[in-house]
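**Student:** Have a look at this one.
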Amino acid sequence: MSEIALGSNPSRALVVLDRIALGAVLLTPPLLLHAHGIAEVAIAIADLCFLARSAITRDWAWVRTPWLLFGWAWWGWLIICSLPIPALDLGEGGARSLIQAVVLVRFLVLVAAMQHAILRAPDTRRWLYWIVAASAAYIAIHVVFQFITGYNFYAEPRGTDGEMTGPFGKPRAGPPFARILLPAIIPWAAALLTRPGVRQLAKAWLVLIGGGAVTLLIGQRMPFLLTCLGLVVVGLLLPRLRWGVLAAGIAMVALLVASPVVAPMAHYRLVAKFSDQMEHFATTQYGELYARATEIAVQHPITGLGAEGYRTGCYNPRYFRPSFDGSVADGGGAAICWVHPHNYYLEALVNGGFPGLILFSALGLAWLAALGKGLWRQPDPLRVALFAAAVIQLWPIASSTSFTSMPVGGWSFLLLGWSLAEARWPNGRRDPI
């Protein structure tokens, strides 16, 4: 940062820009819960304020941040692949695809803005922690209430398969809850363990067990499995919480065993239906979507179809290949189609071919490298929790939304920016990473 940006007497314009950007970031979590469109506006405001600050201070060093170099390369390649030039077999998604590729930069700028400027003060990061923790509690309270009564506080029922919808009208509580749960509860549990006594130990364990139990009650398979993965990462990096993580794991297994009696619909989705889907995966919609994405990649290995290409390409009979087990000749035809292939890495492959997949994977590894720096030697609980949330987001063997779709994409980039800020500004001091 330049002296103008961080000096003791910053200009009034910079102060105003910083406050507006911070306000936009702090408003983003509640907006992601119930106002996705307005959350996009908040992200745009934070981006514009940060870019204006850079212009005023003439400080553009952030554009050379190591992870962002991979981000620029991925974004640039995606734009090239999305150019609507039929003669070169580019941009099957048309003008909409190109627009989506161009505006994707808003998320990269948001993460950089949070890392380099917006969250440089420790107080701002504490405010964000409490807002995210309150969001996790808001979802959890609705889930428990809905489990007991059958309805959330807004009188909305469970999902058609018995999933807990939490505060939402549809079963979409699991993905955001899995991402924000660990940053919300791990610092709390770790703080309890700094106090002597068996009672504090029991409280810390109950915090972990309670979080895992709510994830199980939601009844969405992938968020539950990813939460378990996140707890494993926390247990590996935080020795003081290993027994607590083990206790949470044992409690979740016990609850899963008892689920036919205490939570039959969760048992159906997490055990019976999941087992059946894994046994016949090739002919499930997920398997057929993955087969369709594979065929698109085979036919377009260099450029893919561009951003949003899967939305149109999936319906094209040119890509109707048999299911992985060969039992369905057309792979489900157009009936199985969706706007994305339900996996980030297959999405990157379809959008940008193998170069796009390589660049996206490199970006993910660069993020994890920056987030994980020093954690093995000095495992700060909040940083560990945010690192685990990033692992959950970037784990390749998972069904998922589109990488940039709201609200899950908004939560993921918000947590990435927060985590990078925690790594860069420990106690308000710059750490060159």
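The values are calculated or read from the model by the stated rules, or taken from the named source; none is laboratory data. Please read all numbers here as calculations on a predicted model, not as lab measurements. In this analysis, Cβ positions are derived from the backbone assuming ideal geometry, glycine residues included, and neighbour counts consider all displayed protein chains. Please note that ligands, DNA and RNA were not included when accessible areas were found on the heavy atoms of the full protein model with its side chains. Shrake-Rupley method; radii C 1.70, N 1.55, O 1.52, S 1.80 Å.
**Student:** Give me the distance in nm between label points sitting 7 Å out from Cα along the Cα-to-Cβ direction at TRP72 and ILE56, one decimal.
**Tutor:** 2.4 nm
**Student:** Same structure again: Sort largest first and round to whole Å: the equivalent ellipsoid semi-axes of the chain, each the square root of five times a Cα gyration tensor eigenvalue.
**Tutor:** Values: eigenvalues 222, 206, 68 Å².
Rounded to whole Å, the semi-axes are 33, 32, 19.
**Student:** Also, I was wondering about something else. Could you work out which residue, out of GLN200, GLN115, GLN100, moves most in a Gaussian network model of the chain, that is, has the largest mean-square fluctuation with Cα springs under 10 Å?
**Tutor:** Among GLN200, GLN115, GLN100, the largest mean-square fluctuation in the Gaussian network model of the chain belongs to GLN200.
**Student:** Run the dipole for the chain about the Cα centre, Lys and Arg Cβ at +1, Asp and Glu Cβ at -1, nothing else charged, and hand back the magnitude in debye, nearest 20. Display every interim value, and only then the final one.
**Tutor:** Details: 32 positive and 22 negative charges, 293 e Å.
Charge dipole of the chain: 1400 debye, to the nearest 20.
**Student:** Using the heavy atoms of the protein chains and a 1.4 angstrom probe, tell me the accessible area per residue for the chain in square angstrom.
**Tutor:** Per-residue accessible area for the chain comes out at 43 Å².
**Student:** Also, I was wondering about something else. Counting only trypsin sites (Lys or Arg not before Pro) that sit in a DSSP loop (anything but H, G, I, E, B) with at most 11 other Cβ atoms within 10 Å, what is the longest stretch of the chain containing none of them?
**Tutor:** 59-376
**Student:** Using a Gaussian network model of the chain with C-alpha springs under 10 Å, which one of PRO183, PRO86, PRO167 is most mobile by mean-square fluctuation?
**Tutor:** Result: PRO86 has the largest fluctuation of those listed.
**Student:** Turning to a different aspect of this structure: Using a 10 angstrom cutoff on alpha carbons, build the Gaussian network for the chain and name the most mobile of TYR154, TYR290, TYR310.
**Tutor:** TYR154
**Student:** Follow-up question, since we're still on this one. Once fully extended, how much extra length lies between ILE397 and LYS170, figured as 0.36 nm per residue of separation less the alpha-carbon to alpha-carbon distance?
**Tutor:** On the way: separation 227, 0.36 × 227 = 81.72 nm, distance 2.44 nm.
Working it through step by step, the gained length comes to 79.3 nm.
**Student:** What is the percent carbon and sulfur in the accessible area of the chain, measuring with a 1.4 Å probe over the protein chains and ignoring ligands?
**Tutor:** Carbon-and-sulfur percentage of accessible area, whole number: 68.
**Student:** Another question, if that's okay. Can you list the lysines whose alpha carbon is less than 24 Å from that of LYS273, not counting same-chain residues fewer than 8 positions off?
**Tutor:** Result set, ordered by chain and number: LYS170.
**Student:** Quick check for me: using +1 on Lys/Arg Cβ and -1 on Asp/Glu Cβ, what's the dipole size of the range 357-433 about its Cα centre, in debye to the nearest 20?
**Tutor:** Numbers: 6 positive and 3 negative charges, 46 e Å.
Dipole of the range 357-433, to the nearest 20 debye: 220 debye.
**Student:** Compute the signed sum of charges (Lys and Arg +1, Asp and Glu -1) over the other residues within less than 14 Å, Cβ to Cβ, of PHE281.
**Tutor:** Once positives and negatives cancel, what remains is -2.
**Student:** Might you list the cysteines of the chain that have no disulfide-compatible partner by the rule of another cysteine's Cβ under 4.7 Å?
**Tutor:** CYS49, CYS81, CYS228
**Student:** Just going by the charge dipole of the chain, with Lys and Arg at +1 and Asp and Glu at -1 on Cβ, which of ALA95, TRP60, THR165 is farthest out on the positive end?
**Tutor:** Value computed over the given set: TRP60.
**Student:** In addition: For the range 216-290, compute Rg over Rh where Rg is the Cα radius of gyration and Rh is the Kirkwood radius from the inverse mean 1/r over Cα pairs.
**Tutor:** 1.07
**Student:** I would also like to ask the following. 222 nm [θ] for the chain, helices only, -39500 (n - 2.57) per DSSP H run of 4+, per residue, to 500?
**Tutor:** Here the helix-only value at 222 nm equals -21500 deg cm²/dmol.
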